[in-house]
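Step one of this worksheet: look at the structure below.
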Amino acid sequence: MNSPILPIESTLNERVHAALQQWHQPDAAGCALEHFYLVQNARQNGARDLRRAANEVLHGALQQMENSYKQDADILRQRFADLLPAQVVANKHNVVEGALYKKQRVAIERLSQVLHDMEMSARTSRSAELAARL
């Protein structure tokens, strides 16, 4: 499987944001994380399409992120998975809408780091499996 190297940090943040925005889009809309080994692996292991595979990976990363950054994970879930308007989410977190967008940006950066770490771990494990076969 030819997987390109992960994009640089700012591009990764942009791709993660795009993937969150695509949460409810049909597969034909594309998949911002299609180059991730984790997404390709989820697709091969039963996800019906790339969008669902990406959603599985995002969901897993949000769960992992909850351990250290529960509020960040909640904000991203509410905004993208639950499709709540920014004003509603801001009210739930007792912040003004402008502050919510700043928190959302930081949350996306943290989610990007979690996804990067998960991806590197998965690629390392896969490389070790392949090396063991040789």
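Bear in mind that the values in this text are calculations on the coordinates, not laboratory data. In this text, all values refer to a predicted model and were calculated from it rather than measured experimentally. Glycine gets a Cβ as well: all are built from the backbone with ideal geometry, and neighbour counts include every protein chain shown.
Observations, loosely collected:
- Alpha carbon centroid spacing (whole Å) that separates the range 37-62 from the range 101-134: 13
- Max mean-square fluctuation residue, GNM over the chain, Cα-Cα springs under 10 Å, options 32, 61, 90: 90
- Added length on full extension, which subtracts the Cα-Cα distance from 0.36 nm per residue, residue 87 to residue 27: 18.8 nm
- Take the convex hull of the alpha carbons in the chain; its mean projected area over all directions comes to 8.7 nm².
- Efficiency of FRET between residue 49 and residue 99 - r from beta-carbon atoms, R0 41 angstrom, step 0.05: 0.70
- Between residue 10 and residue 66, full extension at 0.36 nm per residue minus the direct alpha carbon distance yields a gain of 17.9 nm.
- The range 9-133, relative contact order in percent, only Cα pairs under 8 angstrom and at least six apart counted: 25
- Among 65, 120, sorting on how many other beta-carbon atoms sit within 10 Å of each Cβ, with the fewest leading, yields 120, 65.
- Sum of -39500 (n - 2.57) over DSSP H runs of 4+, divided by residues of the chain (222 nm, nearest 500): -21500 deg cm²/dmol
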